[in-house]
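To start, the structure under review is shown below, and the notes come after it.
The values are calculated or read from the model by the stated rules, or taken from the named source; none is laboratory data. Keep in mind the model is a prediction, meaning the values are calculated, not measured. Neighbour counts are summed over all protein chains in view; Cβ atoms, including those assigned to glycine, are modelled from backbone coordinates with ideal geometry. Side chains are part of the model used for accessible areas, which takes the heavy atoms of the whole protein and leaves out ligands, DNA and RNA. Shrake-Rupley method; radii C 1.70, N 1.55, O 1.52, S 1.80 Å.
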Amino acid sequence: MSFLQDASFFTMGMWSIGAGALGAAGLALLLANTDVFLSKPRKAELEYLEDIDLKTLGKESRTFKAKELWEKNGAVIMAVRRPGCFLCRAEAADLSSLKPKLDELGVPLYAVVKEQVKAEVTDFQPYFKGEIFLDEKKKFYGPERRKMMFMGLIRLGVWYNSFRAWIGGFSGNLEGEGFILGGVFVIGPGKQGVLLEHREKEFGDKVNPLSVLEAVKKIKPQTPASGKS
């Protein structure tokens, strides 16, 4: 009789442990799909962005200050998380769909990448209709770099974003660093400042193209300095 009681007690204990483990796993999954554990981005000041060193990607590379990109006409700039990522390619295509309107408004479209691996930038170019530059020090991904590691695999938003990109016909590869999150900026000319700053909170968290256009329409043309007679 005592043996049966001990076996029953053992079984109840195992069920309790199993239920507790399932509850803990469920809670962890729930929390992983909120923003509780996501690092909060710190907004980039114009002065910080202006001083970033960028490099051209041609045979004769040139280093210049990032402010050259928006100094005269403003600019839309995509900080690409990873050129080979099919989610980044989908966002690049979305931004590129705005190119005719941006051209009409006189605002250029650019992208920066954090590294140049094999032919990744060249393979990315068909999805992005603007010039691409190298940000070796990853400053456009700061001031505080944010990363998403394996949590991305259990976030429902990432799975939804992946399904949406896959349905859209986008594909990619696993080349290069892809944990440091990217973003999109709309910056006005001169000292007008940052008009839109979208930071990825998870893989495939795309900027709304309509928000980009709304920000671009706020750009004020630079008034030419009048010379003294």
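Here segment 153-211 and segment 39-97 have alpha carbon centers that stand 13 Å from each other. When the residues T56, T122 are ordered by accessible surface, computed with a 1.4 Å probe over the protein chains alone, the sequence from largest down reads T122, T56. Taking all protein chains as shown and a probe of 1.4 angstrom, M149 keeps an accessible surface of around 90 Å².
Spin-label model, F163 to E68: label points 7 Å out along the Cα-to-beta-carbon direction sit 4.6 nm apart.
Say a paramagnetic label sat at a point 7 Å from the Cα of M151, along Cα to Cβ; which residues of segment 63-97 have their backbone N under 17 Å from it? Under 17 Å, as judged by backbone N against the label point of M151, lies no residue of segment 63-97.
What do you get for GluC sites (Glu not before Pro) in segment 46-94 restricted to DSSP loop and a cutoff of at most 12 other Cβ within 10 Å of the site's Cβ?
Those satisfying the criteria are E60.
S171 exposes around 70 Å² of accessible area when a 1.4 Å probe is run over every protein chain in place. Pairs K72/K218; K147/K206; K99/K138; K65/K99; K118/K139; K43/K101: which exceed 19 Å Cα-Cα? Listed pairs above 19 Å: K99/K138; K65/K99; K118/K139; K43/K101. Counting only protein heavy atoms and a probe of 1.4 Å, the accessible surface of segment 116-229 is 58% carbon and sulfur. Check each of the trypsin sites (Lys or Arg not before Pro) in segment 83-140 and keep only those in coil by DSSP with at most 14 other C-beta atoms within 10 angstrom; list them in order. Here the trypsin sites (Lys or Arg not before Pro) that fit, given the DSSP loop and packing criteria, are K118, K137. One chain, two ends: F179 and S97. Fully extended at 0.36 nm per residue, the span grows by 26.9 nm beyond their Cα-Cα distance.
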